[in-house]
Amino acid sequence: MRLRLVREPFDHPDYIFELKHDGFRAIVYLQSGESKLVSRSQRNLGFESLKKALAKLPVQTAILDGEIVCLDGKGVSQFNQLLSRKGEPVFYAFDLLWLDGEDQRQMPLVERKKRLARLVRTAKCPRLLYAQHVMQHGKPFFAYSGAW
């Protein structure tokens, strides 16, 4: 799902809120120990060391939606490091679309995120991060995230 620009922060029980990182939006396809990173425009992305790390995840098949980013010591995304290929990229996963032969897309997003969090935890892969979220309280989340 693409981001939607709104005029001001809001609270709503039907929404979750996540930090927006500066990186490349990508889908990672995992199958039998291999991985592929694909952009929104359907281009295969390089990032060979990241693909190699993600290929070791404990799954037969999976499709994850997320953002490829380079982070500084405080966990803030650094787009120039990503663009110049000077930093070590990680994959910030925010959705789990497919897992071991099962289409996850018909499940509620919150349930998919729970499954994704479990996968990230059990994978113990430092190059795979879980995108935390806040339920319904966008105004305080925006105020807090703006303090960074």
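Quick notes on this one:
- Unique match (being under 16 Å from Ala131 (Cβ atoms) and of a type in the set (Gly, Ala, Ser)) among Ser77, Ser41, Ser32, Ser84: Ser77
- Each residue in segment 57-86 was checked for being at pLDDT 95 or above, farther than 15 Å from Gly23 by Cβ and assigned to a loop (DSSP other than H, G, I, E, B), and 4 of them qualify.
- Residue in segment 140-147 that is among the hydroxyl-bearing types (Ser, Thr, Tyr), at pLDDT 95 or above and either surrounded by fewer than 17 Cβ atoms within 10 Å (Cβ to Cβ) or part of a helix (DSSP H, G or I) (or both) present: no
- Of the listed requirements (1) among the charged types (D, E, K, R); (2) in contact with a Lys or Arg (Cβ under 9 Å, 6 or more places away or on another chain); (3) surrounded by 13 or more Cβ atoms within 10 Å (Cβ to Cβ), Glu34 misses just one: (3).
- Residue within segment 19-28 that is at pLDDT 95 or above, in a helix (DSSP H, G or I) and buried (at least 20 other Cβ atoms within 10 Å of the Cβ) present: no
- Subset of segment 98-108 (residues that are surrounded by fewer than 16 Cβ atoms within 10 Å (Cβ to Cβ) and not basic (Lys, Arg)): Asp100, Gly101, Glu102, Asp103, Gln106, Met107, Pro108
Per-residue answers, yes or no, for (1) of a type in the set (A, V, I, L, M, F, W, C); (2) free of Cβ contacts under 8 Å to residues at least 12 places away in the same chain:
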{"residue": "Ile68", "(1), (2)": "yes, no"}
{"residue": "Gly75", "(1), (2)": "no, yes"}
{"residue": "Val90", "(1), (2)": "yes, no"}
{"residue": "Ala93", "(1), (2)": "yes, no"}
{"residue": "Gly101", "(1), (2)": "no, no"}
{"residue": "Arg105", "(1), (2)": "no, yes"}
{"residue": "Arg112", "(1), (2)": "no, no"}
{"residue": "Arg127", "(1), (2)": "no, no"}
{"residue": "Ala131", "(1), (2)": "yes, no"}
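- Selection within segment 57-87: residues that are surrounded by 14 or more Cβ atoms within 10 Å (Cβ to Cβ) and over 14 Å from the mean Cα position of the chain (by Cα). The member of this set that is farthest from Arg25 (Cα to Cα) is Val59.
- Of residues in segment 88-107 being over 23 Å from Lys52 (Cβ atoms) and in a loop (DSSP other than H, G, I, E, B), the one farthest from the chain's Cα centre (by Cα): Gly101
- Of residues in segment 46-56 being at pLDDT 95 or above and either in contact with a strand residue (DSSP E or B) (Cβ under 9 Å, 6 or more places away or on another chain) or in a loop (DSSP other than H, G, I, E, B) (or both), the one surrounded by the fewest Cβ atoms within 10 Å (Cβ to Cβ): Lys52
- Residues in segment 89-120 that are in contact with a His (Cβ under 7 Å, 6 or more places away or on another chain) and closer than 17 Å to Lys56 by Cα: Tyr92 only.
The values are calculated or read from the model by the stated rules, or taken from the named source; none is laboratory data. Fair warning: this is a prediction, and the values are worked out from it, not measured in the lab. Quick reminder, even Gly has a Cβ in these numbers, built from the backbone with ideal geometry, and neighbours come from all protein chains shown.
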